[in-house]
């Protein structure tokens, strides 16, 4: 079987274990069905996810011209504390920014290798936790805009990490913690503007990933350096495909890459 298309991050669905889908323009793959099968990945060309041109992608699947100009790549995406739509101030496109920023956001704790704090839209929290490979997560506050979530995350970063150790996540070197207790420890550090939105009695969410075998050591596959790879798929966690030889392929880091995938 042969599939071809431009990579975007895998879509997910939470059942007993996470279901993963690679979606192309004319087809899709349920990646869970490929576990224990040998597949090949062949890099063909770049395609910007915004303009569709065959130009080298810079970040998040966009070519440099698009990344430096479109509102979907503004600084507030990665640094929500820079959001200004609540003040009526434009970064690149005020209408887009109002739609994106002026909606409920959550600050959460996720445990994928260590406990980390993060921000996402309230409607996307489960997707975000899955994408980070978190086996457990809990919301700390739900606020009405991205700015309040951003300043809360900044305040809490002094007391808990905002990074995931992706190697430990993929080798399953993880701890099970009581995230409700971890959340409560942070309550006093929440900024005054966000304290009314503290979530006191919510429970943590647990997530199981489709991994048959965790590797002891990880080596990463970068298609820019190695445009062809084949191996037996042993697991999927976060946005990574994990292969029998310890190779890990980060699908999200390859957004905008046009590939051919074969089931061998």
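The values are calculated or read from the model by the stated rules, or taken from the named source; none is laboratory data. Not measured: the values here are computed from a predicted model. Quick reminder, even Gly has a Cβ in these numbers, built from the backbone with ideal geometry, and neighbours come from all protein chains shown.
Brief remarks on what is shown
- With respect to being part of a strand (DSSP E or B), surrounded by fewer than 19 Cβ atoms within 10 Å (Cβ to Cβ) and either in contact with a strand residue (DSSP E or B) (Cβ under 8 Å, 6 or more places away or on another chain) or not assigned by TED's automatic domain parsing to the domain that holds residue 50 (or both), residue 174 falls outside the description.
- Filtered by the rule that a residue be crowded, with 18+ Cβ neighbours inside 10 Å and outside any strand (DSSP E or B), region 11-31 gives a lone residue, 31.
- Residue in region 38-56 that is touching a strand residue (DSSP E or B) at 6+ places or on another chain (Cβ under 6 Å), free of Cβ contacts under 8 Å to residues at least 12 places away in the same chain and in a strand (DSSP E or B) present: no
Let's see how each residue does on (1) under 18 Å from residue 189 (Cβ atoms); (2) in contact with a strand residue (DSSP E or B) (Cβ under 7 Å, 6 or more places away or on another chain); (3) assigned to a helix (DSSP H, G or I):
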site: 98; (1), (2), (3): no, no, yes
site: 116; (1), (2), (3): yes, yes, no
site: 138; (1), (2), (3): yes, yes, no
site: 154; (1), (2), (3): yes, no, yes
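- A single member of 190, 236, 207, 261 is over 23 Å from the mean Cα position of the chain (by Cα), buried (at least 17 other Cβ atoms within 10 Å of the Cβ) and either closer than 30 Å to residue 117 by Cβ or modelled with pLDDT of 95 or more (or both), and it is 190.
- Residue 246 vs. criteria touching a strand residue (DSSP E or B) at 6+ places or on another chain (Cβ under 9 Å), surrounded by fewer than 19 Cβ atoms within 10 Å (Cβ to Cβ) and under 21 Å from residue 131 (Cα atoms): yes
- Residues in region 210-233 that are more than 17 Å from the chain's Cα centre (by Cα), under 19 Å from residue 131 (Cβ atoms) and touching a residue at least 40 places away in the same chain (Cβ under 8 Å): 4 in all.
- Residue 60 in contact (Cβ under 8 Å) with a residue 24 or more places away in the chain, assigned by TED's automatic domain parsing to the domain that holds residue 233, farther than 24 Å from residue 260 by Cβ and touching a helix residue (DSSP H, G or I) at 6+ places or on another chain (Cβ under 8 Å): no
Results for (1) touching a residue at least 60 places away in the same chain (Cβ under 8 Å); (2) in contact with a helix residue (DSSP H, G or I) (Cβ under 8 Å, 6 or more places away or on another chain); (3) not assigned by TED's automatic domain parsing to the domain that holds residue 12, shown as yes or no for each residue.
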{"site": "122", "(1), (2), (3)": "no, no, yes"}
{"site": "131", "(1), (2), (3)": "yes, yes, yes"}
{"site": "138", "(1), (2), (3)": "yes, yes, yes"}
{"site": "153", "(1), (2), (3)": "yes, yes, yes"}
{"site": "185", "(1), (2), (3)": "no, no, yes"}
{"site": "198", "(1), (2), (3)": "no, yes, yes"}
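- Scanning region 39-57 for residues that are within 24 Å of residue 101 (Cα to Cα) and crowded, with 17+ Cβ neighbours inside 10 Å turns up 49, 50.
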